[in-house]
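The values are calculated or read from the model by the stated rules, or taken from the named source; none is laboratory data. It should be emphasised that the depicted structure is a prediction, and the values quoted were computed from it without experimental measurement. A quick note on method: Cβ atoms are made from the backbone with ideal geometry, for glycine too, and the neighbour counts reach across all protein chains shown.
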Amino acid sequence: MRKILERLAKGEISVDEAELSLKLSAIEEISDIAKVDIGREFRKGIPEIILAIGKLPEETVKIALHVTNKKGRAIVSRADDDCIKAMRKIVKSDIDLLVNERSKIIVMRKKGFKLERSGGKVGIITAGTSDFAVAEEARVIAEEIGCEVLTAYDVGVAGIHRLFEPLKEMLKKGVDALIVVAGMEGALPSLVSSLVDIPVIGVPTSLSFGFGEKGVSALMTMLQSCSLGLSVVNIDNGVGAGAFAALIANRVASKKK
């Protein structure tokens, strides 16, 4: 983009030619597999995240390598064991591979890649240990978007006394947004939202069973919440929650500078 603007400033290309060049450079096609949105991070503040579900492991690897070579880093979500094995096979001396086994999210980085910290702070709370994987997905995304992340896991309403100390600590440290992950009845986000004056993002998980199985009861509870200041993402959507919280936190941090 900078090169195109420099050529425009020097009068080497016209405004129409510059506009066309910017449009063409925004999306890069990898063979017939994918059209990668290389400019997303610059445009939105969120890097492109490669969803591994529905792709062959070798396709995911090819896309991730292309993005890493272009941007210095690639993020892959929902990678199964075969995909993780394929990613590990291609690791070279100039690439670091960070694999979160629990949440199945992978970060591929070129050696020397520096993640810029925004100053934004995000807190992540889970109701139970079973919600850990979705919370970790959110944590990785928020950190990759530049935020500092504080976590408190297994502090749900079944033993509500566990919540207050870690929540107080997060507020003392100035978190700008809270992600609250819960399954079963999904009551924890409403409770947290009633106690704080910062945005809360509720994440229902699919671990519930019985009448409201697969996260349906948790989602309905969060959507029906009477506590204002609570927003809700889809079932198991740790990526969406992490991105949303990071955008809020980074916006707040930018105003403090």
Margin query: For the stretch 109-132, give me the residue count where each residue is touching a residue at least 40 places away in the same chain (Cβ under 8 Å) and within 26 Å of E185 (Cα to Cα).
Written below: 9
Next item on the list: Please specify each residue of the stretch 149-203 satisfying the condition of being closer than 14 Å to G123 by Cα and basic (K, R).
Entry: K168, K172, K173
Note to self: Please pick out the residue among R73, R7, R78 that is outside the structural domain of G240 (by TED's automatic domain parsing), out of contact with any His (no Cβ under 6 Å at 6 or more places or on another chain) and more than 19 Å from A243 (Cα to Cα).
What the structure shows: R7
Margin query: Just checking, does the stretch 88-99 include any residue being touching a helix residue (DSSP H, G or I) at 6+ places or on another chain (Cβ under 8 Å), within 24 Å of S206 (Cβ to Cβ) and not in a helix (DSSP H, G or I)?
Written below: yes
Margin query: Could you go through the stretch 168-176 and let me know if any residue there is within 18 Å of V239 (Cα to Cα) and buried (at least 20 other Cβ atoms within 10 Å of the Cβ).
Written below: yes
Item checked: Residue that is within 24 Å of G146 (Cα to Cα), assigned by TED's automatic domain parsing to the domain that holds R251 and in contact with an Asp or Glu (Cβ under 9 Å, 6 or more places away or on another chain), where the choices are K173, K168 -> K173
Next item on the list: Confirm whether G54 is out of contact with any strand residue (DSSP E or B) (no Cβ under 7 Å at 6 or more places or on another chain), of a type outside the set (D, E) and without any contact (Cβ under 8 Å) to a residue 12 or more places away in the chain.
Entry: yes
Next item on the list: Would you tally the residues in the stretch 212-226 being touching a strand residue (DSSP E or B) at 6+ places or on another chain (Cβ under 6 Å) and surrounded by fewer than 21 Cβ atoms within 10 Å (Cβ to Cβ)?
Entry: 1
Check: What are the residue pairs meeting all of these: first residue in the stretch 63-88, first residue in contact (Cβ under 8 Å) with a residue 12 or more places away in the chain, second residue of a type in the set (G, A, S) and in a helix (DSSP H, G or I), Cβ atoms under 8 Å, and 6 or more apart or on different chains?
Finding: A74/A64; V76/A64; M87/A64
